[in-house]
2 protein chains.
Amino acid sequence: MDGTRWLDEREMRAWRGFLAASALVNRHLDQQLKDDSGLSHPQYEILVRLAAAPDGELRMTELANGLINSKSGLTYQVTQMEKAGLVRRRSCPSDVRGVFAVLTDAGRARLEAAAPGHVTAVREVLVDVLTPAQLDALADGLGEVSRRLREQGG
Amino acid sequence: MDGTRWLDEREMRAWRGFLAASALVNRHLDQQLKDDSGLSHPQYEILVRLAAAPDGELRMTELANGLINSKSGLTYQVTQMEKAGLVRRRSCPSDVRGVFAVLTDAGRARLEAAAPGHVTAVREVLVDVLTPAQLDALADGLGEVSRRLREQGG
DNA sequence: CACGAGTTGTTCGAATTTGAATCAATGGTT
DNA sequence: AACCATTGATTCAAATTCGAACAACTCGTG
């Protein structure tokens, strides 16, 4: 007995497209960032999130949530970035266990230097390839997909 | 002077959605596969591609193309899978350098055992979350994105 | 105040990934 | 036949990833 609902052709095309694009786009952008700014994609994302946060700082846990990395992976990356002078650690006054990752001036400068090339690459491989309707479908559909996975996992 | 065309809100939502979904879906499915069948996502993909190929075999290079892994990563995975009895290597008669990865009976059985749970998970987190229109947008849009990255890189 | 459950971030070991270097073999050209 | 640029796959060291175990701490409850 096999009650599995297999994917029909439309579904399979969507799934394969998503899977392939996911791998290829990530790969391409990681390469572009490394060549262009010496940052890995995860590191770039950390800088972006910090830059968007008030005072350019976030708790390690907040940074780990909704990010590619696991907790330990984040510890590793922040350590690397601290060595490179892009962020520094600050312990939380109200909770001794807590640690803030703080964007340094050098980190902000590095992000601003990297951003134009990165955005251009994102346009090239994804955004400018899609129609407005497809952009909306991605935003709505994949936004919902992410939302569900986030709250299920959290 | 800054001629960068930054992303507007619609574009940013699409990009963020894609990025987050890409990471979260991959992560979730890798976890599901490991728990359920002891296969990593890359390994599962290798089995799928081999199963779809004539005689269940492909050259290493063919297998590496359009796959997540680099060449050396593929060598590693195939070695692991060979140890596990899921594939075997066969040298190419017409080109001594060439190597085929061949799906074994055990490999095919393992794939068939893993597939229902995997497809169900793919539905749960992605396919059944999207509307038919969104599925088509993913298939068309991301299909085109992948196609371009493939031929650009190859 | 003492206790215990839950949280926070790090450390640890193992597995995986990558790019560069390597080795061997092919094919075309002279 | 000799040469040389390419190709196919592996090996190697280094970087990165993950989960599990850990240590330190907070908070609510008794």
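Observations on the model:
- Residue A:58 in contact with a Leu (Cβ under 7 Å, 6 or more places away or on another chain) and within 15 Å of DNA strand D (Cβ to nearest atom): no
- Some residue of the stretch B:3-19 being away from DNA strand C (no atom under 16 Å from the Cβ), outside any helix (DSSP H, G or I), at pLDDT below 95 and within 7 Å of chain A (Cβ to nearest Cβ): yes
To keep it simple, each residue is scored yes or no on (1) more than 7 Å from every other protein chain (Cβ to nearest Cβ); (2) touching a strand residue (DSSP E or B) at 6+ places or on another chain (Cβ under 6 Å); (3) of a type in the set (Lys, Arg).
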| position | (1), (2), (3) |
| --- | --- |
| B:84 | yes, no, no |
| B:115 | yes, no, no |
| B:118 | yes, no, no |
| B:124 | yes, no, no |
| B:127 | no, no, no |
| B:147 | yes, no, yes |
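- Of all residues in the stretch A:68-81, none that is within 21 Å of residue B:16 (Cα to Cα) has its Cβ atom under 6 Å from the Cβ atom of a residue that is hydrophobic (A, V, I, L, M, F, W, C) and near DNA strand D (Cβ under 6 Å from one of its atoms), 6 or more apart or on another chain.
- Considering the stretch B:38-65, and only residues there that are surrounded by 19 or more Cβ atoms within 10 Å (Cβ to Cβ) and touching a residue at least 60 places away in the same chain (Cβ under 8 Å), the residue that is farthest from DNA strand C (Cβ to nearest atom) turns out to be B:47.
- Of all residues in the stretch B:1-37, those satisfying the criterion of being exposed (fewer than 15 other Cβ atoms within 10 Å of the Cβ) and within 18 Å of residue B:77 (Cα to Cα) are B:31, B:34.
- Filter result (of a type in the set (Val, Ile, Thr) and within 17 Å of the chain's Cα centre (by Cα)) within the stretch A:98-154: A:119, A:120, A:122, A:125, A:127, A:145
- Some residue of the stretch B:67-85 being among the hydroxyl-bearing types (Ser, Thr, Tyr), under 20 Å from residue B:34 (Cβ atoms), in contact with a Ser or Thr (Cβ under 7 Å, 6 or more places away or on another chain) and at pLDDT 95 or above: no
- Qualifying residue in the stretch B:95-106 (condition: surrounded by fewer than 15 Cβ atoms within 10 Å (Cβ to Cβ), more than 14 Å from chain A (Cβ to nearest Cβ) and closer than 23 Å to residue A:2 by Cβ): yes
- Of everything listed in (1) within 16 Å of DNA strand C (Cβ to nearest atom); (2) more than 26 Å from residue B:6 (Cα to Cα); (3) assigned to a helix (DSSP H, G or I), the single unmet condition for residue A:149 is (1).
- Of the numbered criteria (1) within 18 Å of the chain's Cα centre (by Cα); (2) part of a helix (DSSP H, G or I); (3) away from chain A (no Cβ under 11 Å); (4) under 27 Å from residue B:93 (Cα atoms), the one residue B:58 fails is (2).
- Residues of the stretch B:93-146 classified as farther than 29 Å from residue B:56 by Cβ and of a type in the set (Gly, Ala, Ser), total: 3
- Output for the stretch B:91-109, where each listed residue is among the charged types (D, E, K, R), more than 10 Å from DNA strand D (Cβ to nearest atom) and without any contact (Cβ under 8 Å) to a residue 40 or more places away in the chain: B:105
- Candidate set: the stretch B:66-79, residues that are surrounded by 14 or more Cβ atoms within 10 Å (Cβ to Cβ) and more than 8 Å from DNA strand D (Cβ to nearest atom); chosen: the one farthest from the other protein chains (Cβ to nearest Cβ): B:77
- Check on residue A:51, more than 13 Å from chain B (Cβ to nearest Cβ), closer than 28 Å to residue B:145 by Cβ, assigned to a helix (DSSP H, G or I) and aliphatic (A, V, I, L, M): yes
- Checking each residue in the stretch A:107-154 for being loosely packed, with under 15 Cβ neighbours inside 10 Å, modelled with pLDDT of 95 or more and under 28 Å from residue B:129 (Cβ atoms) picks out A:128, A:131, A:132, A:133.
The values are calculated or read from the model by the stated rules, or taken from the named source; none is laboratory data. Please read these numbers as outputs of a predicted model, since none were measured by experiment. All Cβ positions, even for glycine, are placed from backbone atoms using ideal geometry, and neighbour counts span all protein chains on display.
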